[in-house]
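Working notes for the structure below.
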Amino acid sequence: EKHLDIPVDYESLTAAGSIMGSGGMIVMDETTCMVDVARYFLSFTQMESCGKCVPCRLGTKRMLEILQRITNGEGRIEDIAVLEETAMVVKDSSLCGLGQTAPNPVLTTIRYFRNEYESHIKDKFCPAGVCKPLFVYFIDEEKCKGCGLCAKNCPQGAIAGEKKKPHEIDQSKCIKCGICHNNCRFDAIVIMPPQAVLSPVKIQS
């Protein structure tokens, strides 16, 4: 929150670890996974790398591989330090502006959202509900009114329950499309770590 009032000028943005660019802005909220954001932007710069200098050609590739591993639930705690070290080498050693700025999303997301990286690695959980291997949808029985709207809209038939009684999600059928979560009017469908659902509910076809 302390960065919400940063002036949009070259010096202020540089101090915060950002760049002016074209002056455009991307607005994100708590449903945006910062680890996935870093992966997304790095995948673009890695593809755009001309390959002339080794730091950019190989450094961006190695960082992207690590980020992909983290978002797939296979991250290791030492990956954060490796990302930071590799990012600084790429930033300081690349020949052109693309290579010099490519690590920025990695460095700034680690700097300001390190807790999200740690959650992905230590807890195997994506708090934003973006990285599919790292979360499940679960129905809170205390909030569910049994209206059936989630079951009606589920494309996989993964939700069932009696009218006016708490419904249940069959985790083996759920594709995590988010339709149920977006349609629930009672905030009864929550995002949880996969390991929190120890006994997936089986729904009879």
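All of the numbers you see were taken from the coordinates with simple rules; none came from a lab. Just so we're clear, the structure is a prediction, and the values are computed from it rather than from any experiment. Glycine gets a Cβ as well: all are built from the backbone with ideal geometry, and neighbour counts include every protein chain shown.
Side notes on the structure shown:
- Contour excess over end-to-end distance, with Cα ends at Asn115 and Leu98 and 0.36 nm allotted per residue: 3.4 nm
- Under 13 Å from the Leu58 label point (7 Å along Cα→beta-carbon), backbone N, the range 90-128: 90
- The range 8-34 and the range 77-95: distance between their alpha carbon centers, rounded to Å: 20 Å
- Cα point-scatterer Debye curve for the range 51-205, base-10 log of I(q)/I(0) at q = 0.09, 0.10, 0.11 Å⁻¹: -0.42, -0.49, -0.56
- Note on Asp140 and Asp187: their simple-model spin labels are 0.6 nm apart, each label 7 Å out from Cα toward Cβ.
- Förster radius 22 Å - calculated FRET efficiency between Ser43 and Ser12 (Cβ-Cβ, nearest 0.05): 0.20
- Computed over the chain, the per-residue total of -39500 (n - 2.57) for DSSP H runs of n ≥ 4 gives a 222 nm mean residue ellipticity of -12000 deg cm²/dmol, rounded to 500.
- Dipole magnitude for the chain: computed about the Cα centre from +1 point charges on Lys and Arg Cβ and -1 point charges on Asp and Glu Cβ, it is near 820 debye.
- Under the criterion of Cα pairs below 8 Å and six or more residues apart, the relative contact order for the chain equals 18 percent.
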